[in-house]
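Enquirer: Quick one: the structure is below, and I'll ask about it shortly.
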Amino acid sequence: MLAKTHIMSTMLTGGIVSFAVPTESLNYFLAVLFIGSIFPDIDENGSYIGRRMIFVSLVLSLFIKHRGITHTILILLVYALIGIALHAHYMYGWISWTTAGFILGNAIHIIGDMMTRSGVAILYPFYTGSLHLMPRPLRLRTGRIIEKAIVLPLFSLLMGLTYYYLLLEKSQGLLHQAN
Ligand SMILES: [Zn+2]
C-alpha cells in the first residue's frame, strides 16, 4: 500500500473520529494521527518515513524485519501502556488524545496492510503467520491502478467533505463558547 493511501485512509477515519475530540486537543490528535499513519513502516529504510528518518530506520532494519513488530497488536498495547503511564504521571488531558491518535494512526495503517496481498503477522510473536482481511481476489497490490484511480480519488473527496464539516462544527463550537 502506498504511503499516500495510508495517510489518506488514516486522516479520513481520524477526521470522522475528530468530531468527538475536544477542540483544544485536536491539533495534537491530528498531528500524531498523521505520524502514526506512516510510522509502522519505519522498519523499512526504503519507505516514505524510512527515507525521512534514514538513520533510525537503518538501525531498526538491522534488528527487526519489515512488517514485523511495528505491525502488531503487541506494539499497540505497548504504546497504550506508555500513554497510560504518562497520563497517570502528568494528568494532562491532551496526553490521552495524543496517545489515542497515535494508536489509531498505527492501527489503520496495519488494517490497510492487511488488505494487501502480503498481509500482516499482527499476532507476532504469538502467531507468526500473515493474516488478511479480505479474500484472495480482492486483496490490493501496492501502487496498482485500483489504488491510484479509485481508492485515492475517493478518499480525497471524502476527506475534503469530512474536514469541511469538522471545521464548520468546531468553529461553530468556538463561536458558541465566545458568545
Ligand atoms: Zn506497513
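Enquirer: Put one equal scatterer on each alpha carbon of the stretch 61-109, apply the Debye formula with no solvent term, and list log10 I(q)/I(0) at q = 0.16, 0.22, 0.23 1/Å to two decimals.
Expert: With one equal scatterer per Cα and no solvent, log10 I(q)/I(0) is -0.49, -0.77, -0.81.
Enquirer: What's the angle, to the nearest 10 degrees (0 to 90), between helix 73-90's Cα axis and the longest principal axis of the chain?
Expert: For 73-90 against the chain, the angle is about 30 degrees.
Enquirer: I would also like to ask the following. Give the angle, between 0 and 90 degrees and rounded to the nearest 10, that separates the Cα long axis of helix 152-178 from the longest principal axis of the Cα atoms of the chain.
Expert: With rounding to tens, the tilt is 30 degrees.
Enquirer: Okay, next question. By average Cβ neighbour count within 10 Å, what is the ranking of 18-26, 42-50, 83-91 from highest down?
Expert: In descending order of packing, they fall as 42-50, 18-26, 83-91.
Enquirer: Label Ala3 and Ala31 with points 7 Å out from Cα along Cα→Cβ: what is the distance between them in nm?
Expert: Distance between label points: 2.0 nm.
Enquirer: Under the classification rounded if a/c is under 1.5, otherwise prolate if a/b is larger than b/c and oblate if not, where does the chain fall, given a ≥ b ≥ c as square roots of the Cα gyration tensor eigenvalues?
Expert: Since a/c reaches 1.5 but b/c is at least a/b, the shape of the chain is classed as oblate.
Enquirer: Continuing with the same structure: Pick out which of Pro135, Pro40, Pro125 has the largest mean-square fluctuation in a Gaussian network model of the chain, springs linking Cα atoms closer than 10 Å.
Expert: Pro135
Enquirer: Once both axes come from the Cα atoms, what is the angle between helix 23-38 and the longest principal axis of the chain, in degrees from 0 to 90, rounded to 10?
Expert: Computed tilt is about 10 degrees.
Enquirer: How much mean residue ellipticity at 222 nm does the chain get from its helices, if each DSSP H run of length 4 or more adds -39500 (n - 2.57) and you divide by all residues, to the nearest 500 deg cm²/dmol?
Expert: -21000 deg cm²/dmol
Enquirer: Among Ala3, Ile75, Ala88, which residue has its Cα furthest toward the positive end of the charge dipole of the chain, with +1 on Lys/Arg Cβ and -1 on Asp/Glu Cβ?
Expert: Checked the options; the winner is Ala3.
Enquirer: If you don't mind, there's one more thing I want to ask. Give me the percent relative contact order of the chain, please, defined on Cα pairs under 8 angstrom at least 6 residues apart.
Expert: After rounding, I find 29 percent.
Enquirer: Further, regarding this structure: Give me P(r) over the stretch 6-102, computed from all C-alpha to C-alpha distances, binned every 10 Å, as integer percentages.
Expert: Here the calculated profile for the stretch 6-102 is 16, 40, 35, 10, 0.
Enquirer: List the trypsin sites (Lys or Arg not before Pro) in the stretch 19-107 that DSSP assigns to loop (not H, G, I, E or B) and whose Cβ has at most 15 other Cβ atoms within 10 Å. Which are they?
Expert: Those satisfying the criteria are Lys65.
Coordinate-derived values only; no laboratory data. Here the structure is a predicted model, which means the values were calculated and not measured. Note: ideal-geometry Cβ built from the backbone for every residue, glycine included; neighbour counts use all protein chains shown.
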